[in-house]
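Quick note: the coordinates plus some simple rules give every number you see, no bench work behind them. This one's a predicted model, so the numbers in the text were calculated from it and none came from an experiment. Counting neighbours? That spans all protein chains shown, and the Cβs are built from the backbone with ideal geometry, glycine included.
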Amino acid sequence: MKHIVIEKKEQCCACGACVSACARGAIQMKADEAGFMFPTVDEAQCVECGRCLDVCAFEQKGKGANGAPTVYAAVIRNKEVLAQSSSGGIFTALAEAVLEKGGTVFGAAWAEDFSLRHIAVQSEKDLCKLRGSKYVQSETGDTFRQVKELLKAGEYVCYSGTPCQIAGLKAYLGKEEEKLLTVDIICHGVPSLKMLHDDIDYVTGGNTAAVKDIRFRDKAYGWGVKGSLTTGEKKKKYHAGTSPYYFYFLKGEVYRASCYRCRFPAEGRQGDITLGDYWGIRGEVINKLNGAHPDRGISCVLVNNEKGKQWFENVQNGLVYTETTLAAVQKRNKQLVSASVPLPEHEALLGGYTKNGYAAFENGYKKHTKDHIVRGVKNMIPAGVKRKLNDLRR
Ligand SMILES: Cc1cc2nc3c(=O)[nH]c(=O)nc-3n(C[C@H](O)[C@H](O)[C@H](O)COP(=O)(O)OP(=O)(O)OC[C@H]3O[C@@H](n4cnc5c(N)ncnc54)[C@H](O)[C@@H]3O)c2cc1C
Ligand code: SF4
Ligand code: SF4
Ligand code: SF4
């Protein structure tokens, strides 16, 4: 068989490069029982040209990976943009620089029905659609083809996304493009859109139509992993304490199979620049970031090659930044060291979800929450009282 066949789910990250590469339109992305997208080939349309196999970067660990990065801690000076960004707002600084050259910026944006898709943005006012981390898989759709067309027309392009999406784009393009800036994010994995939609249904008590906004990272609650969900005029907190989905996302239990053998975490990144949270920043590094405050968010920036260096120099005036080391960033960002490891619960949870739906998440979550509360209460009892209670039991 000379076309893509997904024998094991862990072999496909759903970058969509094969779909874009098929001139016959023979490949479609389809959801499995858990909502994860996989390519399927219409044999009647396929001419066995093998192009889809050539552009599949996941198993090849991505062609054209970069060398050792230069690493910075950085924050955008624009306070408004910083407040809307998940980390230090460096994505917007880079995106604005590309727009200033008349270019186009691609990134992940919510659609009206809260599905997540990569879209093209050509004006500063629309950049807000791309800002902020959305903790679910984004569909690349036909954006790889759009990138190719824009580059062919001599335009500047910035493409941002997960490392596997950047690897897919580069494999699809097949050659180094001078005017393309690729920005990958530090990534530990993505759940399916179906799971997120089930969660919205759970959290809103079925009132999904009223949802106006979802933020996984809302700086109104500081720099951390607390978000918000706005229904009508009401905004409420959305985090691991209110949402089974968010809880299992942070535990690393509900990612697609490819994420547990992700090829892209460590050195040899895919993007010209990599962005992430500088979790645990302290001491000398934070002291050198004049005026930056951990509560407002700080980025780690990995400048992975010469092109990345030029773009980072381009935006430096709008940033507060200082050089640091990869080792310092890796201390609290294990996603820069190795792929996520599924806990023993993972298989049962996914199996339960495909069989019984979201009840599997709810039940597991309620049990964890109950255990957590019981542990918390036990910890609050002074040691002397605990001893007396134990004596009484004997
Ligand atoms: C699924 C996911 C997991 C992450 N895990 C980590 C982690 O473990 N450690 C860490 O340090 N950082 C992680 N990040 C990255 C971090 O949250 C910020 O996105 C990053 O630091 C950039 O922040 P910013 O302030 O510069 O810009 P922001 O404006 O906050 O970032 C927006 C950028 O993120 C992209 N983006 C948002 N959601 C998605 C998505 N679902 N798929 C593809 N691209 C997306 C947008 O296209 C845009 O480029 C993760 C992000 C995502 C989406
Ligand atoms: S082998 Fe060629 S025609 Fe067949 S699915 Fe792949 S790209 Fe399309
Ligand atoms: S990893 Fe990308 S290119 Fe490879 S099969 Fe999956 S969607 Fe297609
Ligand atoms: S963990 Fe790896 S495979 Fe999964 S979405 Fe992130 S980059 Fe892609």
Here, residue 153 and residue 331, labelled 7 Å along Cα→Cβ, have an inter-label distance in nm of 4.8
To make sure I understand the rule: partners must be lysines, Cα under 18 Å from the Cα of residue 309, and not fewer than 8 residues away in the same chain. Which ones qualify? 101, 179
Would you kindly derive the ³J(HN,Hα) couplings of region 261-272 from the backbone phi angles with the Karplus curve 6.51 cos²θ - 1.76 cosθ + 1.60 (θ = phi - 60°), listing them in order in whole Hz, with x for Gly and Pro? 9, 4, 8, 10, x, 8, 4, x, 6, 8, x, 5
HN-Hα J in Hz across region 67-77 - Karplus 6.51, -1.76, 1.60, θ = phi - 60°, x for Gly and Pro: x, 5, x, 9, 10, 10, 9, 8, 9, 6, 6
Just want the ordering: 49, 300, 18, from fewest to most Cβ atoms lying within 10 Å of their own Cβ. 49, 18, 300
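Report for region 99-194 the percent antiparallel among DSSP-assigned beta bridges with both residues inside it, nearest 5.
Antiparallel bridges make up about 40 percent of those DSSP assigns within region 99-194.
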Under Karplus coefficients 6.51, -1.76 and 1.60, residue-wise ³J(HN,Hα) of region 224-234 in Hz, glycine/proline x: x, 10, 10, x, 8, 10, 10, 10, x, 8, 9
Whichever aspartates and glutamates have a C-alpha closer than 17 Å to that of residue 125, once near sequence neighbours (fewer than 8 apart) are set aside: 80, 96, 100
Going down the table (2/30; 129/236; 79/237; 212/367; 219/334; 235/366), which pairs top 26 Å between alpha carbons? 212/367
Translational diffusion of the chain, µm² s⁻¹ [Kirkwood Rh, Cα pairs; Stokes-Einstein; 25 °C; 0.890 mPa s]: 110
Summing -39500 (n - 2.57) over every DSSP H run of at least 4 residues in the chain and dividing by its residue count gives a helix-only mean residue ellipticity at 222 nm, to the nearest 500 deg cm²/dmol, of -9500 deg cm²/dmol
Taking the Cα-to-Cβ direction at residue 209 and at residue 33 and moving 7 Å from each Cα, how far apart do the two end points lie in nm? 3.2
Averaging sequence separations of C-alpha pairs under 8 Å and six or more residues apart, then dividing by the length of region 70-336, give the relative contact order as a whole percent. 27
Which aspartates and glutamates, on any chain, are close to residue 307 with Cα under 13 Å apart, when same-chain ones fewer than 8 places away are left out? 176, 177, 178, 272
Quick one: Cα centre-to-centre distance for region 256-276 and region 30-89, in angstrom? 9
In a shell of Cβ-Cβ distance under 11 Å around residue 18, excluding residue 18 itself, what net charge do Lys and Arg (+1) and Asp and Glu (-1) give? 0
For the chain, give the share of DSSP beta bridges that are antiparallel, in percent and rounded to the nearest 5; count only bridges with both residues there. 75
